[in-house]
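In what follows, a single structure is set out as structure tokens and then discussed.
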Amino acid sequence: MSHATSTRDEVIESLNEVSVVFKTRRRSVEALGKTSLELRPRQIINIVGESGSGKTTLGRVVALLQKPTSGKVLYKGVDPWMEPPKRFMEIKKKIQYVYQDPYAALNPVKTVYETLASVVKMYEKGLSRNQVKERVIELLELANITPPEYFLNKYPHHLSGGMRQRLCIVRAIIPNPEVLVADEPISMVDVSMKASILNLLRSLRSQMGMNILYITHELSSVKYISDPQDKLLVMYKGHVVEEGLASEILAKPIHPYSKILLSIAPSLSRRGDDEKLRKILLLSTRSRIQGKGCVFADRCPFAIEKCFTEPPPIVQINHRRVLCHRASELVGEDVPVG
Amino acid sequence: MSEPILLIENLTADYLVREGLIRAVDNVSLEVRQGELLGIIGESGSGKTTLLQAITRVGPLNFIVRSGRVLYRNVDLLKLPDVELRRLLGTRIGFVFQAAQNSLNPFYRVRDHFYETLSSHYPDLDKVEMENRAIQYLELMHLNPNVLNLYPHQLSGGMKQRVVIALVLSTQPELVLLDEPVSALDLITQRSIVANLKEINTKYGTTMVYVTHDVESLIGLAHRIAIYYGGKIVEVGSIEQVLKDPLHPYTKALIDSLITTDKSSEEVKSIPGNPPSLLVGHKPQGCVFHPRCPYVKDICKRVEPPMLKLGDRHVACHLYKG
Amino acid sequence: MSRFEGTKYFFKGLARSWTSSFAFIGVVLFVAAGLLGQFLIDPLRDIKVDSTKIFSPPSLEHLLGTDHMGRDIFKQVILGSRDVLFSGLVTASIAISIGAVIGLLAGYAGGYIDGVLMTLTDIILLTPSFPLILILTSIFGKLDPVTVTATASLTMWPGFARGLRARIIQVKGEAFVEALWGLGFSRLRILFREVLPLVAPYIAIEYIRLFRGAIFVVVGISFLGLMPWSPYNWGTMLNVAYFQARSLFIPSGFWHWFSPLAAIIMTEWSFTQFARYLEETWIPRLKAYE
């Protein structure tokens, strides 16, 4: 397989102050608040958040599946949404998307061979039948679906969840995309198979030079998949609350939400009866009335009056950006319990 | 915390699908100790949901119990007539089934749900007493008592699940069975509900059996865990022992595959191969895990390993001697 | 599932259910009678008018007895199945074609086109079909079979179109459709190469149902004497039995009116049950296995 065409520092795609607002007859919902992002080759950008955080919307905007209601998306300096349909499609093919549910992303009446072959034939014209088959087998081996020959005429329901997801991933790389958006690729997969999918994504980054936009709600998987230079965005209710290097945020989170997420992330070294853990979790269940201020105020253990009335600023601390009134004070602070 | 409140003995149950019979519960024996929070961990397709279904007879009745006993305080639940079992389920034993938040009646307020549940099992309570009890249990689940006046659609997923648990707890059971009660919710809500359950277990001594595929959710919260694979229990022990020093090769492989913050990426390994078919006649001979086991010996392919007791732990594996 | 496995599965499923097995046999017998009957039975030779045998009871020579002219009833029924088969086939084929085009178009294109097509569909759906057919056929006098068949099929496609459209809309919303579009497949290609195979079983099963309905309509029209096709058409046989021979009122005439009626009912039943069997076994296998 050939490698992605961009050089190391060139920005492949950028999002400038994009936001997405869904309007229904009665009200409008801001699914994604003003967000900016730059995607570079050989990089993993992690997006962590719960459902409703806007992470999926952000992923779909990057993958050109969702048009932003404001702001601009640029692919190598060009706004795809302003281009004629044919040119738009050419750009779209370079940004592929992996769905959370691998079963829904596959046609249940097509065999593994048919699923991959149809895409191979579209991108590599003029191959003989045998050559197509060889390509498909190559892809299956990359996906660790072995023995490949055995699986050629099998249907999606014959594969385990982990295999299905890996199949979806190798299908997505046939167009040789520069960006791969993976939306919660492991959340519908059994525990014992999650690592294999993350390994595949890592190798796509290192061996094929792609940019991987990895969206998840499991912070521990961010640690697993990331290299020191990879970024992390923590999102809550449509806003990026903390942004910086993944390794740094995991070591020393500043935003209260990041702190909570990290303290409840699973760790085998946790004792059997962890009171502190319990107390942190029970803190988050309090709910006060939400005012005009910070979206996280009602669940925040550090909230002060200002947090409920004024929206927080973006505070820059070294290479970190934190959306919080008390950002500078909270560096190094633990979540208070008791 | 030591005598068994629930004793499952050699339970075997099949359920019917188009392809044939699925042996989801295969000669399962398990003891649930009074006052503990016991986790039953099984991945998808392991058959763990059928285990609770066979005991409580709640849900689609497409299963057949082949053999075994389920003793609750010396009464075999399997032999009880439906009416009596239902009475027990409303008073001494509670059951929170999967996606239970969807079982709330959209036309009833939370208050009405409590009236209905409590009055059918405790007919002597009057409305005021029922309301007090409802408030008591709602607060126990960290819910504001004014949710009593709300309809289910006005509550978030997490709140609905908490209401369901409060409803079950309000009948004051001494044993609560839970089947994946939090899987459809977001992470912090999931973990906080489990923490809530642990809090209740610690304060009131209510025994809980929590069936899930997410072993991480129980870290730091359960006392003991039982590992379910291919319709069988392969290992039981305290959660600390099992996680730090797993005995069964499947348990070990499962823990190795967990992605946790204290592991480096080289330490995480997926389990090769596929979960076994539970179709009667298609199961692997001998030990159900042998096709994927890195320590497989000849005897594993022929003879099913018996459950051995090693101190306070149990394991079904030929690597060990009783 | 390979073709061979699929066939094996089909017969295994049949073996499990008496109803489905009988239904299948019924369908096979009907089709066999319709296709082969005309070659095995020569009306001039085998169905002779014989005034000595009026309304004779079933015997070895005349399996279902004879009618008011002494003609063999059983042979008439067999011969009659041909008309029923072919008119049913034509009607159902026209209906499925129209319905498929409209259903696919409306479901897949959506928007304005969907709105227009569905309004048209609803208008026809809400018009009572039988009266419509009767009015049309009586306006044009005693018509030839083709026109009657065509009219009948026009009233039968709307229900199917709606059902197909619903399924198309559902499939269209699946993630894999968007995924394939994102990979560069054209909308048309996705429709014909990916979506259509998925709904093909539904179309096939509906075809069987439409066929059954078509039989009903054709027989009904023949019974009312509006379609002069052939004297052995079951509907026409019933017409003759009721209006001309008055066999309903003569005890020995029982077999005359009962035979075609029984043939109609058994065929209808077989097709209905067979469609249901296919629906239960074929479609679930396409759905998620976890």
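The values are calculated or read from the model by the stated rules, or taken from the named source; none is laboratory data. These numbers come from a predicted model, not from an experiment. Quick reminder, even Gly has a Cβ in these numbers, built from the backbone with ideal geometry, and neighbours come from all protein chains shown. SASA here: full protein model, heavy atoms, side chains in, ligands and nucleic acids out. Shrake-Rupley method; radii C 1.70, N 1.55, O 1.52, S 1.80 Å.
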### Chain-alone versus full-assembly comparison, the stretch A:23-50, residues with accessible loss of at least 50 Å² (1.4 Å probe)
A:E50
## Note on the structure
the stretch A:76-146, convex hull of Cα, quarter of hull surface, nm² -> 6.9 nm²
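Only helices at least 15 Å long along their own axis, judged from Cα atoms, and with Kyte-Doolittle mean hydropathy of 1.0 or greater: name those in chain B from DSSP H.
B:157-170
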### Task
Evaluate the Debye formula for the stretch B:26-65 with equal point scatterers sitting on the alpha carbons, no solvent, and hand back log10 of I(q)/I(0) at q = 0.17, 0.24, 0.34 Å⁻¹, in q order, two decimals.
-0.55, -1.00, -1.25
### Summary
Residues hit by the 20 Å² burial cutoff in the stretch B:1-46, accessible area with a 1.4 Å probe, assembly against chain on its own, are B:R18, B:E19, B:E43, B:S44
### Query
In terms of Cα to Cα distance under 21 Å, which lysines are near enough to B:K160, apart from those fewer than 8 places away along the same chain?
A:K237, B:K198
### Query
Pick from C:P158, C:P260, C:P57: which is most flexible by mean-square fluctuation in a GNM of chain C where alpha carbon atoms under 10 Å apart are linked?
C:P57
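Where Rh denotes the Kirkwood radius from the mean inverse Cα pair distance, what is Rg over Rh for the protein assembly as shown?
Answer for the protein assembly as shown: 1.04.
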### Query
When ligands, DNA and RNA are left out and all protein chains stay put, how many square angstrom of accessible area per residue does the stretch B:134-176 have with a 1.4 Å probe?
35 Å²
### Task
Would you calculate the volume per residue, in Å³, of the smallest convex hull containing every Cα atom of chain C?
163 Å³
### Message
So with the 1.4 Å probe, I'd like the accessible area per residue for the stretch C:48-156, rounded to whole Å².
### Response
48 Å²
### Query
Ignoring any ligand, DNA or RNA, what whole percent of the accessible area of the stretch C:41-94 comes from carbon and sulfur when the probe is 1.4 angstrom?
68 percent
### Task
Can you pull out the buried accessible area for chains B and C, both sides counted, probe 1.4 Å, rounded to the nearest 100 Å²?
400 Å²
### Query
Along the Cα-to-C-beta direction of C:E61, a point sits 7 Å from the Cα; which residues of the stretch C:13-42 have their amide N less than 19 Å from that point?
C:41-42
### Query
Heavy-atom accessible surface, probe 1.4 Å, ligands and DNA/RNA ignored: which residues of the stretch A:168-213 lose at least 30 Å² versus the isolated chain?
A:R171, A:D190, A:V191, A:S192, A:M193, A:A195
### Query
If you build the Cα gyration tensor of chain A and take the root of 5 times each eigenvalue, what three semi-axes come out, in whole angstrom, biggest first?
38, 24, 18
### Query
In the stretch C:151-290, if every C-alpha pair distance is counted and binned at 10 Å from zero, what percent goes to each bin?
10, 28, 24, 17, 12, 7, 2, 0
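Return the inverse of the average 1/r over all pairs of distinct C-alpha atoms in the stretch C:67-171, which is the Kirkwood hydrodynamic radius, in Å to one decimal.
15.6 Å
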## Note on the structure
Among the Cα-Cα pairs of the stretch B:91-166, the proportion with separation greater than 17 Å, in percent, is 41 percent
### Query
What accessible area, summed over both chains, is buried at the C-A interface (1.4 Å probe, Å², nearest 100)?
2100 Å²
### Summary
Placing one equal point scatterer on each C-alpha of chain B and summing with Debye, one gets log10 I(q)/I(0) at q = 0.08, 0.13 Å⁻¹ equal to -0.38, -0.99
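Just to make sure I understand: if all protein chains stay in place, what is the order of B:V234, C:V116 by accessible area at 1.4 Å, largest first? Before the final figure, lay out each step's value.
Working: B:V234 5, C:V116 80 Å².
Output order, biggest surface exposure first: C:V116, B:V234.
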### Task
Can you check how the C-alpha radius of gyration of the stretch B:122-179 compares to 2.2 N^0.38 Å, as a plain ratio?
1.14
### Extended-chain gain in nm, criterion 0.36 nm per residue less alpha-carbon gap, B:Y122 and B:N74
14.9 nm
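What percentage of all Cα-Cα pairs in the stretch B:226-322 are separated by more than 15 Å?
Values: 2901 of 4656 pairs.
Value for the stretch B:226-322: 62 percent of Cα pairs lie more than 15 Å apart.
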#### Entry: Label-point separation in nm, C:K172 to A:V11, each point 7 Å along Cα→Cβ
3.7 nm
### Message
Rolling a 1.4 Å sphere over the protein heavy atoms, what is the accessible area per residue of the stretch B:256-322, to the nearest Å²?
### Response
55 Å²
### Query
Which value results when the Cα radius of gyration for the stretch A:168-236 is divided by 2.2 N^0.38 Å?
1.07
### Query
Which distance in Å, rounded to a whole number, links the C-alpha centroids of the stretch B:165-219 and the stretch B:108-158?
18 Å
### Query
Got the relative contact order for chain C handy, in percent, Cα pairs under 8 Å and 6 or more residues apart?
25 percent
### Summary
For the stretch B:51-133, one quarter of the surface area of the C-alpha convex hull, expressed in nm², comes to 6.9 nm²
### Message
Strictly greater than 14 Å: what percent of every Cα pair in the stretch B:1-50 meets that?
### Response
60 percent
### Task
Report in % the part of the accessible area of the stretch A:109-265 that belongs to carbon and sulfur, leaving out ligands and nucleic acids; probe 1.4 Å.
49 percent
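A plus B alone minus the pair: what accessible area, both sides summed, probe 1.4 Å, in Å² to 100? Let's see the in-between values first.
Values: alone 17070 and 15350 Å², together 28810 Å².
Approximately 3600 Å², summed over both chains.
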### Query
Do any of A:K72/A:K231; A:K194/B:K297; B:K48/B:K252; A:K23/C:K172 go past 26 Å between their Cα atoms, and which?
A:K194/B:K297
#### Entry: Set of aspartates and glutamates with alpha-carbon distance to B:K283 below 12 Å, sequence-local pairs under 8 removed
B:D26, B:E304
#### Entry: Candidate aspartates and glutamates for bridging to C:K48, where Cα separation is under 14 Å - those fewer than 8 sequence places away on the same chain excluded
C:E61, C:D67, C:D72
### Query
Which value, to two decimals, describes the C-alpha radius of gyration of the stretch A:154-276 once divided by 2.2 N^0.38 Å?
1.17
### Query
For the stretch B:176-271, which whole-number percentage of the solvent-accessible area (1.4 Å probe, protein heavy atoms only) is attributable to carbon and sulfur atoms?
50 percent
### Task
Select from chain C the helices, each a whole stretch of DSSP H, whose alpha-carbon atoms run 30 Å or more along the helix axis and whose Kyte-Doolittle mean is at least 1.0; answer none if there are none.
C:18-40, C:73-109, C:196-223
